[in-house]
Amino acid sequence: MQTYTGCNSLNQKAKMMPERTVIAISGDDRTSFLQGLVTNDVEKARDGIIYTALLTPQGKFIADFFVIGEPDRFLIDVATSHAQLLGQRLMMYRLRAAVTIEQTDLVVSRGTGEAPDGSFPDPRHSALGWRAYGPTDISDQTDWDAIRVAHVIPKTGVELNDDTYVLEAGFEAINGVDFKKGCFVGQEIVARMKHKTVLKKGLAKVALNGHAIPGDPITANGKPVGTLHTVSGNTALAFLRFDRATGEMQAGDATLTRLDDA
């Protein structure tokens, strides 16, 4: 039986790891294989790019990634920290599907300046510019955290972890889930959260007055409200209980308020 070992050599050279890894999925069943697993509609990636995620059957986050369509394969652009896990999960689901899963040597570049030939617009938000795939890094020096905070866009391993429900992380707003595509792993939980409940907690943007660092617990009136995540200047992303985030909050030595456009 084929196994996925693409990142093993990289794991032995952790200090040299790029932030992103590109996995290729080829074979006659590649579209139907991915379509039954991920949160977004893979058909939309045939001539472009989509943002999506693989979840547990309980609807919790495993990995988020981009799918890029090429004539005879799909490319998967995933955080290197989650590439091995994603590759192993895909192999687990492969069964008898006619697909091959292997790591490539492609380098991921991104920027917000003039888009190079062959690049793709980041499907999460227009402010995130372009993504390109090739032999060398042609990225620019964009302050990505500032953009993510401004537009409430979560990051793998920061706002997105194995305890995350993707709707609470704002996946619908950043084009990461398609409710019309049909079944995917964890779909029942995601659909229930979409149609039968009002979200009681989730990712939001907050104003920060004072000093606090990512990971600081957030409180209000002595009660826990959530956790501070990415900080950029005097704004930040935070995971909040919305019923308790209605006034001033505290984290570290800072006072926080939820911003209306979060």
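Numbers below:
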| item | result |
| --- | --- |
| When residues of the range 85-110 are limited to those that are under 20 Å from the mean Cα position of the chain (by Cα), of a type outside the set (D, E, K, R) and surrounded by 20 or more Cβ atoms within 10 Å (Cβ to Cβ), the one nearest to Leu37 (Cα to Cα) | Leu90 |
| Inter-residue pairs, beta-carbon under 6 Å, first farther than 19 Å from Leu228 by Cβ and open to solvent by less than 60 Å² (accessible area, probe 1.4 Å) and in the range 160-177, second modelled with pLDDT under 95 and of a type outside the set (Val, Ile, Thr), 6+ apart | Leu167/Met193 |
| Restricting the range 69-84 to residues that are small (Gly, Ala, Ser) and open to solvent by less than 70 Å² (accessible area, probe 1.4 Å), the residue that is farthest from Ser26 (Cα to Cα) | Ala79 |
| Selected residue (only one of Lys155, Lys180, Lys201, Lys223 is open to solvent by 80 Å² or more (accessible area, probe 1.4 Å) and over 21 Å from the mean Cα position of the chain (by Cα)) | Lys223 |
| Residue match in the range 8-22 (condition: modelled with pLDDT of 95 or more and open to solvent by less than 10 Å² (accessible area, probe 1.4 Å)) | yes |
| Qualifying residues in the range 238-254 (those that are part of a strand (DSSP E or B) and open to solvent by 10 Å² or more (accessible area, probe 1.4 Å)) - the one farthest from Lys201 (Cα to Cα) | Gln250 |
| Of the criteria (1) out of contact with any strand residue (DSSP E or B) (no Cβ under 7 Å at 6 or more places or on another chain); (2) modelled with pLDDT of 55 or more; (3) within 17 Å of Leu90 (Cβ to Cβ), which one Thr5 fails | (2) |
| Qualifying residue in the range 204-224 (condition: in contact with a Gly (Cβ under 8 Å, 6 or more places away or on another chain) and closer than 26 Å to Leu54 by Cβ) | no |
| Strands (runs of 3 or more DSSP E) completely within the range 45-116 that count 1 or more residues being of a type outside the set (Asp, Glu) and within 30 Å of Met193 (Cα to Cα) | 49-55, 61-70, 73-79 |
| Within the range 200-237, considering residues that are without any contact (Cβ under 8 Å) to a residue 24 or more places away in the chain and either assigned to a loop (DSSP other than H, G, I, E, B) or charged (D, E, K, R) (or both), the one nearest to Gly157 (Cα to Cα) | Gly215 |
| Test result for Phe120, in contact with a Lys or Arg (Cβ under 8 Å, 6 or more places away or on another chain), farther than 18 Å from Asn161 by Cα and open to solvent by 40 Å² or more (accessible area, probe 1.4 Å) | yes |
| Filter result for Lys60 (within 20 Å of Ala173 (Cβ to Cβ), over 16 Å from the mean Cα position of the chain (by Cα) and open to solvent by 10 Å² or more (accessible area, probe 1.4 Å)) | no |
| Breaking point among (1) in contact with a helix residue (DSSP H, G or I) (Cβ under 7 Å, 6 or more places away or on another chain); (2) open to solvent by 30 Å² or more (accessible area, probe 1.4 Å), for Thr257 | (1) |
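The values are calculated or read from the model by the stated rules, or taken from the named source; none is laboratory data. Owing to the predicted nature of the structure, the values given are computational and were not obtained by experimental measurement. Don't worry about glycine lacking a Cβ; one is built from the backbone with ideal geometry, like all the others, and counts go over all protein chains shown. The area values use the complete protein model at the heavy-atom level, side chains included, leaving out ligands, DNA and RNA. Shrake-Rupley method; radii C 1.70, N 1.55, O 1.52, S 1.80 Å.
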